[in-house]
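For reference, the structure discussed in these notes is given below.
The values are calculated or read from the model by the stated rules, or taken from the named source; none is laboratory data. Computed from a prediction, not measured in an experiment: that's the story for all the values here. Reconstructed Cβ throughout: ideal geometry from the backbone, glycine too, with neighbour counts over all protein chains shown.
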Amino acid sequence: METAYSVLYLVVIIGYALCICGCLLRAIIGPKTMDRIVAVNMIGTMSVIMIAIVSLYLSEDFLLDVDLIYAMLSFLAVVVLTKVYMGVHKEEEIRRERKLQKENQREKEENA
């Protein structure tokens, strides 16, 4: 029975590794910044799951502590990335509005 669980753990780890490769590809190619942020979040989540599975496979409890710390760091990284992205997005909106206001002002001056 223990051999069956070992094989199952290895198959699941390989499956998650393939999923992480797919998410890495999305993070690199992703047409939008939000696609990249979600891909990085998914990579972090799947890594947490893989560490938990390795902890079961090796029967090492300390890996669960490492897993919790990694989950917190992954969450904080995604929050920081999102905050930075939102700041950049807001700055771009402000620039567009200023540019539009300048263009409207020029048109009014030309028409007057």
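Quick notes
- Scanning segment 18-34 for residues that are in a helix (DSSP H, G or I) and surrounded by 12 or more Cβ atoms within 10 Å (Cβ to Cβ) gives Cys19, Ile20, Gly22, Cys23, Leu24, Arg26, Ala27, Thr33, Met34.
- Inspection of segment 70-79 identifies at least one residue that is within 27 Å of the chain's Cα centre (by Cα), touching a residue at least 40 places away in the same chain (Cβ under 8 Å), in a helix (DSSP H, G or I) and closer than 20 Å to Asp35 by Cα.
- Of all residues in segment 71-92, those satisfying the criterion of being surrounded by 15 or more Cβ atoms within 10 Å (Cβ to Cβ) and closer than 21 Å to Cys19 by Cα are Ala71, Ser74, Val78.
- In segment 84-112, the residues that are within 21 Å of Thr33 (Cβ to Cβ) reach residues that are modelled with pLDDT of 85 or more and surrounded by 10 or more Cβ atoms within 10 Å (Cβ to Cβ) with C-beta atoms within less than 7 angstrom, at least six apart or across chains, in these pairs: Tyr85/Ile37.
- Failed item, numbered, when Lys83 is tested on (1) at pLDDT 90 or above; (2) within 15 Å of the chain's Cα centre (by Cα): (1)
- The set of residues in segment 1-53 being among the polar types (S, T, N, Q) and touching a residue at least 40 places away in the same chain (Cβ under 8 Å) consists of Ser6, Thr33.
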